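Since every read-out is calculated from the coordinates, none of them should be taken as a lab result. Treat the numbers as computed from the prediction; the structure is a model and nothing was measured. Glycine gets a Cβ as well: all are built from the backbone with ideal geometry, and neighbour counts include every protein chain shown.
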């Protein structure tokens, strides 16, 4: 037993060594996966597994194999802001909003509209754009995400500014807008709602502040508190830009994505690339399902935040780079292929198996016979000692 246990520990040590080596001496790194002109945000995935990517005021679809195709073009398509505007976006998963008596449609894309009237534009799955909601009383909008926990009634959440303070609004599937707070902290970038298991902050909206390095939690009542200090460099075009939560099953297989925007004459000039990182690399860096990842704008460095009774912050991607991160981090789980349900198809895929019943019967007889021989031998030894 000790030899077995020692061998098991050696095997675990070897696997740990392989994991360490696979992520490099300084931990995991981003891959510059695809070049997309002017890229500044990524959203999804949609039901077909594709991502929606924004760049230079137009949209693209990117499938898991890396094929890029135009999206929402033409007369009824999306007319972007242009001029380098950061019209962040999010993709609907199709949640019902009971209070409004309607549902968000899966795969609809919701984009910040930064020109008057400031608000949200909706793009359906076929690429047709239409006004969705107007957000009153804000100077600008700078963040968007969906409530996927129900804390905000499964509504669309958007952030903005008014007189220098942070504003959060919740928008239902009929386009009705409710203000959550008008006195929030400074914030901007990729937002996310924490899952229920994220300690005391489960169900709260997580927002980053690049100027202080703080990550805040804003509750449905509008109150906010600091969840964690990123410990990363701070400042405009430098500090923490985006947060996202590791979905269930991600460690078994998936990819993380982040936009690396080309920004000339900047300390982090970027590359107009869609960055990618496999789940295996993040898992090897002790990132777990339910954790929060936060990435900076300058350098696209990443921390992992886990909150249970307390919150712990660990740097995951710390090597300095020239990347210029923007918008959302997207974490996509690799779907598990379903087992075949057609009996004929199953038979075609599975080689014929021999009938093992006779073999099992013979094996049982051999075991019984061996036990009888051992017993008889023991009786003979006792009789011999008795003589």
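Highest mean first, what order results for 237-246, 121-130 on Cβ atoms within 10 Å? Before the final figure, lay out the partial values.
On the way: 237-246: 24.5, 121-130: 16.8.
By packing density, highest mean first, the sequence is 237-246, 121-130.
Which whole-percent values make up P(r) of the range 162-294 when all C-alpha to C-alpha distances are grouped in 10 Å steps starting at zero?
All Cα pairs considered, the percentages come to 11, 35, 36, 17, 1.
Using per-residue counts of other Cβ atoms within 10 Å, averaged over each peptide, order 157-163, 174-180 from highest down.
Numbers: 157-163: 21.1, 174-180: 15.6.
With the highest mean Cβ count within 10 Å placed first, the list reads 157-163, 174-180.
Based on the alpha-carbon gyration tensor of the range 295-336 and its eigenvalue square roots a ≥ b ≥ c, which shape applies: rounded if a/c is under 1.5, prolate if not and a/b is larger than b/c, or oblate? Present the calculation step by step, with values, prior to reporting the outcome.
Values: a/c = 2.24, a/b = 1.16, b/c = 1.93.
Oblate is the answer for the range 295-336, as a/c is 1.5 or above yet b/c matches or exceeds a/b.
When a footprinting reagent is the concern and you count Cβ atoms within 10 Å, what order do 334, 181, 310 take, fewest first?
Fewest to most other Cβ atoms nearby, the residues stand as 310, 334, 181.
Modelled label-to-label distance, residue 176 and residue 211, 7 Å Cα→beta-carbon offset: nm?
Those two pseudo-labels are separated by 3.5 nm.
Run a plain Debye calculation on the range 33-333 (Cα atoms as equal point scatterers, no solvent) and give log10 I(q)/I(0) at q = 0.11 Å⁻¹, rounded to two decimals, same order as the q list.
-0.58
Once you have the Kirkwood Rh of the range 129-224 from its Cα pairs, apply Stokes-Einstein at 10 °C and 1.306 mPa s and quote D in µm²/s. Numbers along the way, then the final one.
Numbers: Rh = 13.3 Å.
It comes out at roughly 119 µm²/s.
With the alpha-carbon atoms as the only input, what is the per residue convex hull volume for the range 246-335 in Å³?
Values: hull volume 7.8 nm³, N = 90.
In the range 246-335, the Cα convex hull volume per residue is 86 Å³.
Does the range 52-105 classify as rounded, prolate or oblate by the C-alpha gyration tensor (a ≥ b ≥ c root eigenvalues; a/c under 1.5 gives rounded; else a/b over b/c gives prolate, otherwise oblate)? Could you put the intermediate results ahead of the total?
On the way: a/c = 2.26, a/b = 1.58, b/c = 1.43.
Prolate shape, in that a/c is at least 1.5 and a/b is the bigger ratio.
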